[in-house]
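Enquirer: Following this message is one structure expressed as structure tokens.
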Amino acid sequence: MQKELNKIAKDTNIFLKKFIKKQKKSELIIPMQYGLFSGGKKVRSKILIDVGSLFKINYMSLIMIGSAVECIHAYSLIHDDLPCMDNDVIRRGKPSTHIKFGESTAVLAGNSLLTMAFEILSHKNLKISDKNKNNLINKISECSGHLGIAGGQYLDLDYEHKKVSQKKITQMEIKKTGKLFSFCCAVPLILKNRSKSEIKKFEDIGADIGLLFQVADDLIDYKGNLKDAGKKTGKDKIKGKATLISLLGYKNTINYANNLILKIDNKVKKYGPRSSNLSKTLNYILNRNK
């Protein structure tokens, strides 16, 4: 598993470094690179590759699309860390972007990474049809804005120190984390021109994967440490975050996560032996840094 993750991370970073190198220089390039190349396991890209293998999608096309996903993920982390959001000073084991470069620069670097994702997806080197490019850009835009990451972050902040139902918590976490995973799971089917209903099935799988990832992240915050997590832990309880742990308790949340894995496995096992790659990734997500 680690070998596969390392290869995907390496190939993704090689592409992104080459892409940035060909851009005209600006003062924001350095803070953009700081937020983008700060480590990270590239789990979203791994999910994209796993689902892509079920439909025999070209690996380098998926790396290019995954690079756009990583740009959006990096933008969201930079913004989430800001004092007006979660006020985190450490990210992936080093100072957050706004600590290193200042708040205004961090905002602009995040904005620039968001828009660079669309540059990548619309680029001539991505050898897919214009129709599919438009579909991917439309889908990732939806997953990044008020219906996805941004909307989820709003709810995350709004729910602090409030009694929130399990349904609302899961809806918030699917927006904040699940939507980008939904995009990753939908990409291969969009490229294969599959039906809307089949695309929707894989978007739902992605939402469950994102929920699993967020639950695992909450478990790390609850019992992990700064060295392993790469960020300060124990914050959720202090800030009164609405999480499944706060509602269900630690052990019940682990059971909830394991049931999510079973649910996803049952949906993809009909695609044969290649689905085992995805299954291994799901278990890695739950057990990372625990």
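Enquirer: Would you work out which of THR105, ILE120, LEU147 lies farthest towards the positive end of the dipole of the stretch 90-173, given +1 charges on the beta-carbon of Lys and Arg and -1 on that of Asp and Glu, about the Cα centre?
Expert: Final value for the positive-end residue is ILE120.
Enquirer: Testing the spin-label approximation: label points 7 Å from Cα along Cα→Cβ at ILE29 and SER165. State their distance in nm.
Expert: If labels sit at ILE29 and SER165, their model points lie 5.2 nm apart.
Enquirer: For each of MET1, MET172, MET85, MET32, count neighbouring Cβ atoms within 10 Å of the residue's Cβ, then give the residues from fewest to most.
Expert: Listed from fewest to most nearby Cβ atoms, that is MET1, MET85, MET172, MET32.
Enquirer: Among (1) 38, 19, 18; (2) 27, 25, 17; (3) 29, 22, 21, only one was calculated for this model; which label is it, if the read-out is semi-axes √(5λ) of the Cα gyration tensor in Å?
Expert: (2)
Enquirer: In which sequence would CYS143, CYS71, CYS184, CYS84 go, from the one with the fewest C-beta neighbours within 10 Å to the one with the most?
Expert: CYS84, CYS143, CYS71, CYS184
Enquirer: Decide, for the stretch 108-205, between rounded, prolate and oblate: order the square roots of the alpha carbon gyration tensor eigenvalues as a ≥ b ≥ c, take rounded if a/c falls under 1.5, and otherwise choose prolate if a/b is larger than b/c, else oblate.
Expert: Here the stretch 108-205 falls in the oblate category.
Enquirer: So, one more: Each residue of the stretch 18-34 in order: what ³J(HN,Hα) in whole Hz does its phi give by Karplus 6.51 cos²θ - 1.76 cosθ + 1.60, θ = phi - 60°, with x for Gly and Pro?
Expert: 5, 5, 5, 4, 7, 7, 5, 5, 8, 5, 8, 4, 5, x, 4, 5, 4
Enquirer: Using 0.36 nm times the number of residues separating TYR154 and ASN132, minus their current alpha carbon distance, what extension gain do you get?
Expert: Roughly 4.9 nm would be gained on extension.
Enquirer: Quick one: what are the phi-derived ³J(HN,Hα) couplings along the stretch 108-115, Karplus 6.51/-1.76/1.60 with θ = phi - 60°, whole Hz, x for glycine and proline?
Expert: 5, 5, x, 4, 5, 5, 4, 6
Enquirer: Using each residue's phi in the stretch 61-70, evaluate 6.51 cos²θ - 1.76 cosθ + 1.60 at θ = phi - 60° and report the 3J(HN,Hα) Karplus result to the nearest Hz, with x for Gly and Pro.
Expert: Running phi through 6.51 cos²θ - 1.76 cosθ + 1.60 with θ = phi - 60° gives 5, 5, 4, 5, 5, x, 5, 5, 4, 5 Hz.
Enquirer: How many angstrom lie between the Cα centre of the stretch 37-109 and the Cα centre of the stretch 129-189?
Expert: Rounded to whole Å, the Cα centres lie 15 Å apart.
Enquirer: Given a cut-off of under 8 Å on Cα pairs at least six residues apart, what relative contact order in percent is computed for the stretch 2-287?
Expert: 18
Enquirer: Suppose every K and R has +1 on its Cβ and every D and E has -1 on its Cβ; what is the size of the dipole of the chain about the Cα centre, in Debye to the nearest 20?
Expert: I would put it at about 900 debye.
Enquirer: If you don't mind, there's one more thing I want to ask. Tell me which residues come under 5 Å, amide H to amide H, from LEU82 once H is placed; ignore anything under 5 positions away on its chain.
Expert: ASN87, ASP88
All of the numbers you see were taken from the coordinates with simple rules; none came from a lab. Computed from a prediction, not measured in an experiment: that's the story for all the values here. Using ideal geometry, Cβ is built from the backbone for each residue, glycine included, and neighbour counts are taken over all protein chains shown.
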